[in-house]
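Each remark here refers to the structure printed beneath this line.
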Amino acid sequence: MIAHVDLSARILSLNANLTCLMVFGKKYMDENLDKRGFKAIVQDIVHLAATPNLGDFFPFLGAIDLQGLTRKLKDLSKVFDEFLEKIIDEHAHSHDQKQTKDFVDSMMGIMQSGEAEFQFDRRHIKAILFDMLIAAMDTTTSSTEWILTELLRHPQVMKKLQMELQEVVGLERMVEESDLENLKYVNMVVKEGLRLHPVVPLFYHESMEDCVVNGFHIQKGSRVMVNCYAAQRDPNVWPEPEKFLSERFVGSCIDFRLDGTFNLYHLALGEEVVLECSWQLSSSALWWHNWCIALSGSFQMVCSLVI
């Protein structure tokens, strides 16, 4: 029997549940946020954030808002503000009855203690929660989709990954976090997927002190743009850089952690979260069934599940 599955929607929904559990302590359904749901709202935010704003280049145009970006962002901000206010209110009312504390409880504890070095109030809690929610959902979803796409394009890699999962984990239970260190091939597949498709191709840093890099003097306070897309496809470092070859990491010490080579880049913060979520999603979604790509008129990952 063949069934069509919109993996893009399923992955984002699963990731939204995981993120809400980690940050808020419970799951929230699409209707809890807005009638459009998490997927549509997150996609709108990412799209608007990546859209060039004429007001950034010509400040006098900012007040006019010719592109309507400010208006659209304010509408989305209102949706999240109401959602996060409701979450904070729920935690405030159930604070004394909860046995375990989650991240929101910790933030509220800081606010109520008055020990912060500045006036820490609800606005700061909402800003931190918003950053965690959007950053975790979009990055992990994007990286997982790319990894699954490469597996669908390379069925021999998928078959090898399935065999490792059957040998290490078996068919009687789901993958657990403790299994990850023993899933060597899954590790290589994730690395290769993120090498070819970095979540953030370009990212910015600021030099904390004067330094010299390859003979160039970098002054303290300089904004440095890192092109990890180019670095991870550099033919001087990666043989056949455009090909998906997970076996290139066999016996290699190259890692996303600071290994001294800087051949692999990832997000400056949260790479462990992205990697672990990618491992979990990549391994648990594939091993019981065979998958193939179904033709679709959209850019969503719609696949056929052969049961």
Qualifying residue in the stretch 171-187 (condition: touching a residue at least 60 places away in the same chain (Cβ under 8 Å), part of a helix (DSSP H, G or I) and either of a type in the set (Val, Ile, Thr) or in contact with a strand residue (DSSP E or B) (Cβ under 9 Å, 6 or more places away or on another chain) (or both)):
yes
When you scan the stretch 195-209, do you find a residue that is in a strand (DSSP E or B), out of contact with any Gly (no Cβ under 7 Å at 6 or more places or on another chain) and free of Cβ contacts under 8 Å to residues at least 24 places away in the same chain, even just one?
yes
Pair list, Cβ < 8 Å and 6+ apart or interchain, from the stretch 12-23 residues that are under 13 Å from Val42 (Cβ atoms) to residues that are aromatic (Phe, Trp, Tyr) and assigned to a helix (DSSP H, G or I):
Leu12/Phe38; Ser13/Phe38; Ala16/Phe38
Here are Ser222, Ser246, Ser252: which of them is in contact with a strand residue (DSSP E or B) (Cβ under 9 Å, 6 or more places away or on another chain) and surrounded by 10 or more Cβ atoms within 10 Å (Cβ to Cβ)?
Ser222
So which residues in the stretch 25-58 are over 19 Å from the mean Cα position of the chain (by Cα) and among the acidic types (Asp, Glu)?
Glu31, Asp34, Asp56
Out of all the residues in the stretch 103-161, which are in a loop (DSSP other than H, G, I, E, B) and more than 29 Å from Tyr185 (Cα to Cα)?
Gly114, Glu115, Ala116, Glu117, Phe118, Gln119, Phe120, Asp121
Filtered residues of the stretch 122-158 (kept if surrounded by 17 or more Cβ atoms within 10 Å (Cβ to Cβ) and either of a type in the set (Gly, Ala, Ser) or touching an Asp or Glu at 6+ places or on another chain (Cβ under 6 Å) (or both)):
Ala135, Ala136, Ser142, Ser143
Which members of the stretch 29-56 meet the condition of being free of Cβ contacts under 8 Å to residues at least 40 places away in the same chain, touching a helix residue (DSSP H, G or I) at 6+ places or on another chain (Cβ under 9 Å) and not in a helix (DSSP H, G or I)?
Met29, Arg36, Thr51, Asn53
State whether one or more residues within the stretch 176-189 are closer than 26 Å to Asp6 by Cβ and of a type outside the set (D, E, K, R).
yes
Going through (1) closer than 20 Å to Ala127 by Cα; (2) part of a helix (DSSP H, G or I); (3) charged (D, E, K, R); (4) under 26 Å from the mean Cα position of the chain (by Cα) one by one, Glu90 fails only at (4)
Return a yes/no flag: does the stretch 261-270 have any residue that is at pLDDT below 55, surrounded by fewer than 14 Cβ atoms within 10 Å (Cβ to Cβ) and out of contact with any strand residue (DSSP E or B) (no Cβ under 6 Å at 6 or more places or on another chain).
yes
Where Glu177 falls short, out of the listed (1) farther than 21 Å from Asp102 by Cβ; (2) exposed (fewer than 12 other Cβ atoms within 10 Å of the Cβ); (3) in contact with a helix residue (DSSP H, G or I) (Cβ under 9 Å, 6 or more places away or on another chain)
(1)
Only one of (1) charged (D, E, K, R); (2) crowded, with 18+ Cβ neighbours inside 10 Å; (3) without any contact (Cβ under 8 Å) to a residue 24 or more places away in the chain does not apply to Glu115, and that is (2)
Given the conditions (1) closer than 26 Å to Asn187 by Cβ; (2) over 26 Å from the mean Cα position of the chain (by Cα), and given that Ser246 satisfies all but one, which numbered condition is not satisfied?
(2)
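The values are calculated or read from the model by the stated rules, or taken from the named source; none is laboratory data. Note that the coordinates shown come from a computational prediction; the quantities given were computed from them, not determined experimentally. Here Cβ is always computed from backbone atoms with ideal geometry, including for glycine, and neighbour counts include all displayed protein chains.
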